[in-house]
Amino acid sequence: MILIPILGFLAIEIALGYILFFLLRGNIEDDFELFMTLRLIGMLLVIIITNGLLTYFVSKSIIRPIKKLMNAAEEISNGNLNYKLDVTEKRDELDQLAETFESMRKKLLEAQQLQKTYEENQKELIASISHDLKTPITSIRGYVKGIQDGVANTPEKLDRYMETIDRKAEGMNQLIEELFLYSKLDLESVPFEMEEVDLHAYMEDYAAELQFELEPVGGTVFYEKKQDKSYIVLADREKLKRVVDNIIQNSLKYINKGNKEISIYLKSEAENVIVEIKDNGIGIPEELLSAIFNRFYRIDPSRSLTTGGSGLGLAIVKKIIQGFGGTVWAKSKPGEGTSIFFSLPATRHRRGTNGEDPDYRG
């Protein structure tokens, strides 16, 4: 834009001089005034044309993109996060600014969608809590009313009423405790005291204790691991117990046979240790397997705290295992039982002289 008027001025002077003093053979003294007049007119034309071109290019390269950004900002400020800003290839700072602005819009849209999902989940959570608390509270009030009205007119009936009230209250207390734990896990506000845990020794002891508990009701526990492998992982012992307890309780709840069988298998792979807890219960249809780790999901449609549990047990399992850096999944066949698997990253600190992991017991 600087060179154009200079070159235009030179071109006009040369052209006028050539026409007036060479082609027309004019007299320099007589035609000098005409030359200066035409030269001034030419300079004005050059300035006008240059200014027009400058305005056009400035409008195209700066003003229009800025107007687009202003329109996009106004749309977004009005809540229209679906307004898409056309971004060209990176050529200058305005294009980079437009790209940054579009990236911001996408992130705001994602945040808005996450907020909507969160609000829907909160509504679902409140509805589930209300449903699960209303039923036992109604039952407790009914039994209390029966006692007040003298319906429990014998010591045996009064004891039965009081035991029922206590059982319902305990179920509510368990639901509240599990809900509180799940909420803290969901907010990632639960501290994990990680330490090295030998899963073989841990599960072996757990299986022995579980066998002792199940013997009075005719239950059996089977435990198996592969030899010459390391089963050391990093985990929080207390929360690991909560994981195994929740899985076992869930398994026992859906065993409808006289002989309750729980099988625990350990498998060590290159990077992970896998635990499988299998039962001989009713099993789960394949189309429902992906939902059993969702909060408040129960296979039992009655949604009873007595038969269906709180619906948070396996959801808590998933949150804790994910906090350990692992994964959890399930396999099942209706009528044959269900297997719950969880995988934890293995630590390899001890090796034998032949390079194999020795069977290590803590």
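Annotation: residue 162 carries an accessible surface of approximately 100 Å², with a 1.4 Å probe and no ligand, DNA or RNA atoms counted. With a Förster radius of 45 Å applied to the C-beta separation of residue 104 and residue 160, the computed FRET efficiency comes to 0.10. A Förster distance of 22 Å, applied to the separation of the beta-carbon atoms of residue 66 and residue 41, puts the FRET efficiency at 0.05. Treating r as the C-beta distance of residue 336 and residue 50 and R0 as 51 Å, the FRET efficiency rounds to 0.05.
Leaving ligands, DNA and RNA out of it, work out the accessible area of residue 37 with a 1.4 Å probe and give it in Å² to the nearest 10. About 70 Å², ignoring ligands and nucleic acids.
Using heavy atoms of the protein chains and a probe of 1.4 Å, the accessible area assigned to residue 295 is about 40 Å². What is the range 105-230 by shape, rounded, prolate or oblate, if you read a ≥ b ≥ c off the alpha carbon gyration tensor as root eigenvalues and call it rounded for a/c under 1.5, prolate for a/b larger than b/c, and oblate otherwise? Oblate.
Peptides 329-340, 72-83 ranked from most to least packed give 329-340, 72-83, packing being the mean of other C-beta atoms within 10 angstrom over each peptide's residues. A straight chain from residue 11 to residue 217 at 0.36 nm per residue would run longer than the Cα-Cα distance by 63.2 nm. Compared with the alpha-carbon gap, the fully stretched path from residue 282 to residue 170 is longer by 37.7 nm at 0.36 nm per residue.
The values are calculated or read from the model by the stated rules, or taken from the named source; none is laboratory data. Small disclaimer: the values here were computed from a predicted structure and weren't measured. Every residue, glycine as well, gets a Cβ built from its backbone with ideal geometry; the counts of neighbours run over all protein chains shown. With ligands, DNA and RNA removed, areas are computed over all heavy atoms of the protein, side chains included. Shrake-Rupley method; radii C 1.70, N 1.55, O 1.52, S 1.80 Å.
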